[in-house]
Amino acid sequence: QVQLVETGGGLVQAGGSLRLSCAASGRTFSSYAMGWFRQAPGKEREFVAAVSRNGIGTTYTDSVKGRFTISRDNAKNTVYLQMNSLKPDDTDVYYCAARNGFRSTDPKNYDLWGQGTQITVSS
């Protein structure tokens, strides 16, 4: 089983950038498609981005296209979310997730989840 730990959250001004990292423990990281989701209290978990097992295929929700980039380094067992041109609406807890299969926008398809990291974007 893979365990996921997110880092890189924090406070940033609108227009700024952050990079989230999700480090995986375990020996089968490259077998998983990886995704990033975000969730506010009382809200549904929202898809942000996903990357295929080999790092080539990516999917983004419309609101982050052109601003966020998901990538992975299988040699380091790590997936990243580069977040540029941040907006206050990006404020949320961000979670990384692993799916033993193809990448998906549906959180129900993911098998493993990290603990989450807070992103706060000020006006």
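Some notes on this structure:
- Between Lys87 and Ser31, the contour length at 0.36 nm per residue exceeds the Cα-Cα span by 16.9 nm.
- Couplings 3J(HN,Hα) of segment 42-56, computed from phi: x, 10, 6, 5, 10, 5, 10, 7, 8, 9, 6, 4, 8, x, 8 Hz, in residue order, whole Hz [Karplus 6.51 cos²θ - 1.76 cosθ + 1.60, θ = phi - 60°; x for Gly and Pro].
- Cα shape, the chain, gyration tensor, a/c 1.5 rule: prolate
- Within segment 45-102, the chymotrypsin sites (Phe, Trp or Tyr not before Pro) that combine a DSSP coil assignment with at most 16 other C-beta atoms in a 10 angstrom radius are Phe102.
Taken together, the values in this text are just the output of simple stated rules run on the coordinates, not laboratory data. Everything numeric in this text was worked out from a predicted model, so none of it was measured. Because the Cβ atoms are built from the backbone with ideal geometry, glycine has one as well, and the counts that use them run over all protein chains shown.
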